[in-house]
1. Would you mind computing the Rg to Rh ratio of region 86-125 from its alpha-carbon coordinates, Kirkwood style for Rh?
2. Taking Lys125 as the anchor, which aspartates and glutamates have their alpha carbon closer than 15 Å to its alpha carbon, excluding any fewer than eight residues away along the same chain?
Amino acid sequence: MTGKITKRLGLGLGSLMVGLVASGCLPAPAGSGEAAADGGLTSSIWPMLIFIVLLFAMMYFLMIRPQRRRQKEHQELMSELRRGDRVVTAGGIYGEIESVRDDSVVLKVESGATLRIAKSSVIIKQQEPEATVG
């Protein structure tokens with residue numbers, strides 16, 4: 001859901017940026033009387049600088065900041081892993097943590113087998129144990 005909102009917001013802001021470039025950030029043609037011979041260049045730089053600053057601000061708030069938040073949440077998840085937690089790995093393996101080391105985790109899967117995986121590949125900590133049908 002938030003991905004769709006971000007895409008729509010990005011498309012809307014992208015079209016706004018195109019409008020800004022087309023209307024105010026392009027220098028005036030040489031034949032027009034708008035650009036004075038001595039101040040034409042410096043007066044046309046300010047809208048372009050404002051545009052660049054707005055572009056970087058938009059990139060920060062739409063791309064960099066959410067990514068940092070996700071990284072922080074994943075770091076917290078990895079630091080909170082304990083024996084007995086039910087987790088899901090990036091590869092889709094469901095299991096229960098048998099032991100935790102600095103950089104790896106030993107999982108016990110449903111068949112009883114144990115797997116040693118990288119600690120960073122744990123992506124979700126399950127809140128409730130799954131109910132088995134049967």
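We did not get these values from a lab; they are worked out from the coordinates using the rules stated. Since the structure is predicted, the reported quantities are computational estimates derived from the model, not experimental observations.
1. Rounded to two decimals, Rg/Rh equals 0.91.
2. Output for Lys125: Glu73, Glu76, Glu80, Asp85, Glu96, Glu98.
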